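Trainee: One structure follows; several queries about it will come next.
The values are calculated or read from the model by the stated rules, or taken from the named source; none is laboratory data. Keep in mind the model is a prediction, meaning the values are calculated, not measured. For neighbour counting, all protein chains shown are included, and Cβ atoms are generated from backbone atoms with ideal geometry for every residue, glycine included.
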Amino acid sequence: MMNIDIFAGLGSTIASLIFLWTVCRQHFPYQLESYFLKYYTKLITLIYPYIEISFPEYSGQRLKLSEAYTAIESYLSNTTSERAKRLKAEMGHDSDKLILSMAENEEITDEFRGVKLWWYSNKISSIRPTISFYPTDDDKRSYRLTFHRRHRALVNDSYLPLVIQQGKAIAVQKRKRKLYTNSSNFDYSEFRKLVWSHVAFEHPATFETLAMEPEMKLEIIQDLVKFSKSKEYYAKIGKPWKRGYLLFGPPGTGKSTMIAAMANLLDYDVYDLELTAVKDNSALRRLLLNTTSKSIIVVEDIDCSLDLSGKRKTGGDQEEGNKEEEEKKKAMGGPPGKEESKVTLSGLLNCIDGLWSACGGEKLIVFTTNHIEKLDPALIRRGRMDKHIELGFCGYEGFKVLAKNYLGVESHPLFDSIHELLKEKKMSPADVAENLMPKNESEDQADLCLQSLVKALKECKSENEKDEEEEREKKKVKTDEEKLVNDVKVGDKETEENKED
Ligand SMILES: Nc1ncnc2c1ncn2[C@@H]1O[C@H](COP(=O)(O)OP(=O)(O)OP(=O)(O)O)[C@@H](O)[C@H]1O
Ligand SMILES: [Mg+2]
């Protein structure tokens with residue numbers, strides 16, 4: 001039993017010894033110092049029969065959040081509310097119940113098979129002097145477990161495994177699905193830039209409400225469910241347990257909605273990775289190492305995030321390319337590219353399926369793009385992006401799902417003409433959905449909405465017209481860009497000539 005009086009005395013004895021040692025040390029010959037240290041440690045172990053184990057928040061040079069730490073945190077949060085005197089409170093899963101857990105620098109006692117153990121939540125604040133309005137994240141947190149050395153075997157073999165197992169189970173039970181992002185507006189600390197911030201994931205989309213061909217939908221659902229149950233299979237074939245999806249198609253065809261439906265189907269967290277906010281490849285690696293299993297890592301509009309198109313440039317090529325880019329930017333009055341992300345295509349490829357990618361397991365990586373043709377083939381080859389899913393304009397089957405969701409109708413006299421119109425007109429599910437949205441509280445909304453859809457479809461362009469328009473648009477953008485770059489070049493030449501004069 002821990003006697004407070006004994007330890008009060010013990011504490012002051014140890015403090016005196018440390019003070020004595022610091023004074024004597026300066027006058028001690030170097031050779032004798034190691035001898036003295038050896039006996040000093042022995043002496044301390046003799047009079048202090050307790051063992052301490054600490055569990056730091058981050059493992060591996062602060063690269064990865066420690067699993068043991070999170071499991072212990074969950075375990076303690078279950079037991080602390082009755083015992084600890086200082087607690088911190090967080091909102092629970094159903095958002096109306098508070099979850100209490102141990103505050104920092106607080107100690108509680110736990111009992112296991114009649115043996116007493118002490119948990120202490122430790123926080124060491126950074127000693128670096130910083131002048132900032134915001135809290136810094138350089139603090140080191142850990143849990144410290146103290147017990148009598150005669151219980152070492154019991155703690156090692158039975159107590160700690162039980163704590164970790166129960167902690168993990170509690171975490172799963174209390175799990176509130178999260179939507180993570182790496183692009184915070186308040187990048188007040190260097191460390192904050194390298195980690196994720198999150199909010200609760202509450203997107204209501206499901207595969208039932210998703211408008212697409214039923215066969216394709218079924219195929220995707222089966223693929224996802226199979227993946228989530230294939231832990232042994234992946235281990236057997238020697239592949240990390242992850243799968244890449246590439247969702248491509250025009251704007252408003254349900255790419256982002258499908259990601260939410262995937263997360264809801266498999267009960268996964270979502271990590272929305274903003275590549276432009278990642279400083280460089282090592283920051284990207286660090287971010288991906290800090291994703292948990294049972295999660296979807298999403299890179300939206302991959303073609304716009306970084307210059308990942310074309311072949312991988314090297315040396316001179318790269319510089320040339322950069323110069324051209326700079327010129328273009330200068331011409332358009334944009335800022336110089338100093339603060340830009342330095343994530344490269346090879347860095348990204350490495351993170352997707354290099355050695356680092358195997359950490360964690362059970363992850364989906366989803367890229368979305370509006371222009372698949374702009375992507376480097378290396379990025380989307382099978383193995384990296386295992387399944388390519390094209391989300392197209394709204395078909396009749398998709399329309400029927402939307403009509404049921406938005407208006408609650410499964411048949412209507414206007415369905416036939418809509419069927420005919422959808423065969424030749426290109427309209428995204430987002431536009432169809434917008435037309436089907438009831439605009440007021442009156443009762444004949446289904447009629448009104450379907451009529452407005454028919455009208456919109458008639459005004460909408462057909463496939464051929466749209467293709468021609470896209471082609472024209474592309475040509476125009478290209479000539480505009482060339483003209484701008486030429487103007488800049490001519491301008492620069494004139495200034496140089498002026499200087500020479
Ligand atoms: N297939 C679909 N099924 C159901 N709703 C859809 C579908 N496609 C689009 N929508 C509706 O349209 C809106 C926009 O869709 P979403 O954001 O998923 O499109 P997107 O393909 O990600 O577009 P972008 O390429 O511009 O990011 C959503 O809020 C959703 O309600
Ligand atoms: Mg989207």
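Table: residues versus (1) acidic (Asp, Glu); (2) under 28 Å from Leu391 (Cβ atoms); (3) in contact with a Phe, Trp or Tyr (Cβ under 7 Å, 6 or more places away or on another chain).
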{"site": "Leu414", "(1), (2), (3)": "no, yes, no"}
{"site": "Pro429", "(1), (2), (3)": "no, yes, no"}
{"site": "Leu436", "(1), (2), (3)": "no, yes, yes"}
{"site": "Leu453", "(1), (2), (3)": "no, yes, no"}
{"site": "Asp467", "(1), (2), (3)": "yes, yes, no"}
{"site": "Glu482", "(1), (2), (3)": "yes, no, no"}
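Trainee: Then there's this: Can you confirm whether Lys425 is among the basic types (Lys, Arg), in contact with a strand residue (DSSP E or B) (Cβ under 7 Å, 6 or more places away or on another chain) and under 29 Å from Gly395 (Cα atoms)?
Mentor: Answer is yes for this residue.
Trainee: Looking at segment 248-257, can you tell me whether even one residue there is in contact with a helix residue (DSSP H, G or I) (Cβ under 8 Å, 6 or more places away or on another chain), under 22 Å from Arg384 (Cβ atoms), within 16 Å of ligand 2 (Cβ to nearest atom) and of a type in the set (Phe, Trp, Tyr)?
Mentor: yes
Trainee: Need at least 2 residues that are modelled with pLDDT of 85 or more per element, so show me which strands (runs of 3 or more DSSP E) inside segment 57-116 make the cut, counting only ones lying wholly within it.
Mentor: Correct list: 107-112.
Trainee: Here are some residues: Leu364, Leu436. Which one is surrounded by 16 or more Cβ atoms within 10 Å (Cβ to Cβ) and within 30 Å of Glu274 (Cα to Cα)?
Mentor: Of the residues listed, the single one that is surrounded by 16 or more Cβ atoms within 10 Å (Cβ to Cβ) and within 30 Å of Glu274 (Cα to Cα) is Leu364.
Trainee: While we're on this one: Do any residues in segment 239-264 that are assigned by TED's automatic domain parsing to the domain that holds Asp386 and part of a helix (DSSP H, G or I) have Cβ atoms under 8 Å from those of residues that are among the basic types (Lys, Arg) and near ligand 1 (Cβ under 9 Å from one of its atoms), where the two are at least six apart or on different chains, and which pairs are they?
Mentor: Close Cβ pairs (under 8 Å, with a partner that is among the basic types (Lys, Arg) and near ligand 1 (Cβ under 9 Å from one of its atoms)) do not exist here.
Trainee: Additional query: Limited to segment 401-429, what total is found for residues that are without any contact (Cβ under 8 Å) to a residue 40 or more places away in the chain, on the phi < 0 side of the Ramachandran plot and among the small types (Gly, Ala, Ser)?
Mentor: 2
Trainee: Which residues, counting only those in segment 117-160, are modelled with pLDDT under 90, of a type in the set (Lys, Arg) and part of a strand (DSSP E or B)?
Mentor: Hits for segment 117-160 are Lys123, Lys140, Arg141.
Trainee: Of all residues in segment 347-389, which are among the acidic types (Asp, Glu) and in contact (Cβ under 8 Å) with a residue 12 or more places away in the chain?
Mentor: Asp353, Glu362, Asp376, Asp386
Trainee: Criterion first (surrounded by 15 or more Cβ atoms within 10 Å (Cβ to Cβ), under 22 Å from the mean Cα position of the chain (by Cα), near ligand 1 (Cβ under 10 Å from one of its atoms) and at positive phi) does Gly249 satisfy it?
Mentor: no
Trainee: Let me ask another. Could you check segment 265-274 and list, in sequence order, the residues that are surrounded by fewer than 22 Cβ atoms within 10 Å (Cβ to Cβ) and either in a helix (DSSP H, G or I) or within 16 Å of ligand 1 (Cβ to nearest atom) (or both)?
Mentor: Leu265, Leu266, Asp272, Glu274
Trainee: Those residues that are among the acidic types (Asp, Glu) and either touching a helix residue (DSSP H, G or I) at 6+ places or on another chain (Cβ under 6 Å) or assigned to a helix (DSSP H, G or I) (or both), I need them from segment 422-450; list them, please.
Mentor: Within segment 422-450, Glu424, Asp431, Glu434, Asp447 meet the criteria.
Trainee: Cβ-Cβ distance below 9 Å, separation of 6 or more or different chains: which pairs start in segment 467-495 with a residue that is under 30 Å from Lys426 (Cα atoms) and end on one that is among the charged types (D, E, K, R) and surrounded by 10 or more Cβ atoms within 10 Å (Cβ to Cβ)?
Mentor: Filtered contacts from segment 467-495: Glu469/Lys461; Glu481/Lys328.
Trainee: For segment 301-323, check the following and say yes or no: at least one residue is more than 16 Å from ligand 1 (Cβ to nearest atom), hydrophobic (A, V, I, L, M, F, W, C) and modelled with pLDDT of 85 or more.
Mentor: no
Listed here are the residues, each with its yes/no results for (1) more than 16 Å from ligand 1 (Cβ to nearest atom); (2) surrounded by fewer than 18 Cβ atoms within 10 Å (Cβ to Cβ); (3) not small (Gly, Ala, Ser).
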| residue | (1), (2), (3) |
| --- | --- |
| Arg144 | yes, yes, yes |
| Val163 | yes, no, yes |
| Gln166 | yes, yes, yes |
| Ala169 | yes, yes, no |
| Lys217 | no, no, yes |
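Trainee: Going by what's in this entry, would Leu210 be described as more than 23 Å from the chain's Cα centre (by Cα) and either buried (at least 17 other Cβ atoms within 10 Å of the Cβ) or not assigned by TED's automatic domain parsing to the domain that holds Cys351 (or both)?
Mentor: yes
Trainee: Here's something else I'd like to know. Over 23 Å from the mean Cα position of the chain (by Cα), away from ligand 1 (no atom under 16 Å from the Cβ), at pLDDT 85 or above and not in a helix (DSSP H, G or I): is that true of His419 in this structure?
Mentor: Taking the combined requirement at face value, the residue does not satisfy it.
Trainee: Of the numbered conditions (1) more than 16 Å from ligand 2 (Cβ to nearest atom); (2) within 26 Å of Ile372 (Cα to Cα); (3) out of contact with any Leu (no Cβ under 8 Å at 6 or more places or on another chain); (4) in a helix (DSSP H, G or I), Phe227 satisfies every one except a single condition; which is it?
Mentor: Unmet condition: (3).
Trainee: Tell me which of these Pro335 doesn't satisfy, since it passes every other one: (1) under 20 Å from Gly354 (Cβ atoms); (2) at pLDDT below 85; (3) more than 16 Å from ligand 1 (Cβ to nearest atom).
Mentor: (1)
Trainee: Give me the residue from segment 381-424 that is buried (at least 18 other Cβ atoms within 10 Å of the Cβ) and of a type in the set (Val, Ile, Thr) and, out of that set, farthest from Gly244 (Cα to Cα).
Mentor: The selected residue is Ile418.
Trainee: Output the residue which, of all residues in segment 371-403 that are in contact with a Gly (Cβ under 7 Å, 6 or more places away or on another chain) and near ligand 1 (Cβ under 10 Å from one of its atoms), is nearest to Asp301 (Cα to Cα).
Mentor: Per the stated criteria, the residue is Leu391.
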